[in-house]
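The values are calculated or read from the model by the stated rules, or taken from the named source; none is laboratory data. As the structure is a prediction and not an experimental result, all values here were calculated from the model. Cβ: placed from backbone, ideal geometry, glycine included. Neighbour counts: every protein chain shown. When the accessible area is computed, the model is the full protein with side chains, heavy atoms only, and any ligands, DNA or RNA have been set aside. Shrake-Rupley method; radii C 1.70, N 1.55, O 1.52, S 1.80 Å.
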Amino acid sequence: AQSVTQLGSHVSVSEGALVLLRCNYSSSVPPYLFWYVQYPNQGLQLLLKYTTGATLVKGINGFEAEFKKSETSFHLTKPSAHMSDAAEYFCAVSEGGGSEKLVFGKGMKLTVNP
Amino acid sequence: DGGITQSPKYLFRKEGQNVTLSCEQNLNHDAMYWYRQDPGQGLRLIYYSQIVNDFQKGDIAEGYSVSREKKESFPLTVTSAQKNPTAFYLCASSITGTSSHEQYFGPGTRLTVT
């Protein structure tokens, strides 16, 4: 069965610093991978996704992620954090096998300090 | 504007009462989903539906019920059998039959049961 691991639950960075949020997945089929962002008391918004093709994926708000099959990873990065990036971030993998379902990680809360 | 609406944003109920959460989408998506979100636990799938008049249990269906009489609507009833119903509930939808698997989320309903 597919699974997603986001180690830790909280990360804190200074404004202007690199943001790195880690995601490792387990999948028995070629995965579709997603990063979503959630601001307090709101729904989830898609940041970026990997389906096929280029392994470096660019998303909204300056975020990008690289699919590394050998490491079963899909880490999310942003070169310079902004205060508005403070939110919770979820990594997800498609269940595969014809299913439309996604399996989500437990989330990572990002705090950006001035 | 196309999107998913959930109402109400906040809902308060007494223990022992059933309560129904509304989810409507005008994206013409076939698939719809209900998730429950608790702090530190990520998103857990309650029910999903890939087509009108058909739905399947997710990972935590006990104490919940759904219906899918119209493509646009997927209401969730939290019954008195749900032991710990206080949570943030998210509805989502997606296109079926494509390689995308991307889910679009509503703004959520925060349910408090006392």
Positive minus negative residues near B:Lys71 (Lys, Arg vs Asp, Glu; Cβ under 12 Å)
-3
Lys and Arg at +1, Asp and Glu at -1: add these up for the other residues within a Cβ distance under 12 Å of A:Glu100 and post the number.
-2
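List the accessible area buried at the contact between A and B, summed over both sides and calculated with a 1.4 Å probe, in Å² to the nearest 100.
Accessible area lost upon association: around 1900 Å².
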Using +1 at the C-beta of Lys and Arg and -1 at the C-beta of Asp and Glu, which of B:Ser80, B:Tyr64, B:His101 has the Cα lying farthest in the positive direction of the dipole of segment B:55-114?
B:Ser80
Report A:Met83's accessible area, 1.4 Å probe, all protein chains in place, as a number in Å² to the nearest 10.
80 Å²
What percentage of the solvent-accessible surface of chain B, computed with a 1.4 Å probe over protein heavy atoms, is contributed by carbon and sulfur atoms?
47 percent
Solvent-accessible area, 1.4 Å probe, carbon plus sulfur percent, for segment A:72-114:
57 percent
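As an exercise, identify the trypsin sites (Lys or Arg not before Pro) in segment A:38-74 lying in DSSP coil whose Cβ has no more than 15 other Cβ atoms within 10 Å.
Loop-located and lightly packed - none at all.
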Local charge sum around A:Trp35 (other residues, Cβ-Cβ under 15 Å, Lys/Arg +1, Asp/Glu -1)?
+2
Proximal lysines relative to B:Lys71, as straight alpha-carbon distance under 24 Å, when same-chain residues fewer than 8 apart are discounted
A:Lys101, B:Lys9, B:Lys57
In nm, the gap between the two label points placed 7 Å beyond Cα toward Cβ at B:Lys14 and B:Ser67 is 2.5 nm
By the mean-Cβ-within-10 Å protection proxy, highest first, B:63-69, B:11-17 rank as B:63-69, B:11-17
Taking only protein heavy atoms and a 1.4 Å probe, what accessible area per residue, in Å², does chain B have with all protein chains in place?
48 Å²
Mean other chain Cβ within 10 Å across B:42-50 is 4
For A:Lys109, B:Lys9, give me the order by solvent-accessible area with a 1.4 Å probe, most accessible first, ignoring ligands, DNA and RNA.
A:Lys109, B:Lys9
In percent, what relative contact order does chain A have, based on Cα pairs under 8 Å that are 6 or more apart in sequence?
37 percent
Rounded to the nearest 20 Debye, what is the dipole magnitude of the protein assembly as shown about its Cα centre when Lys and Arg each give +1 and Asp and Glu each give -1 at the C-beta?
360 debye
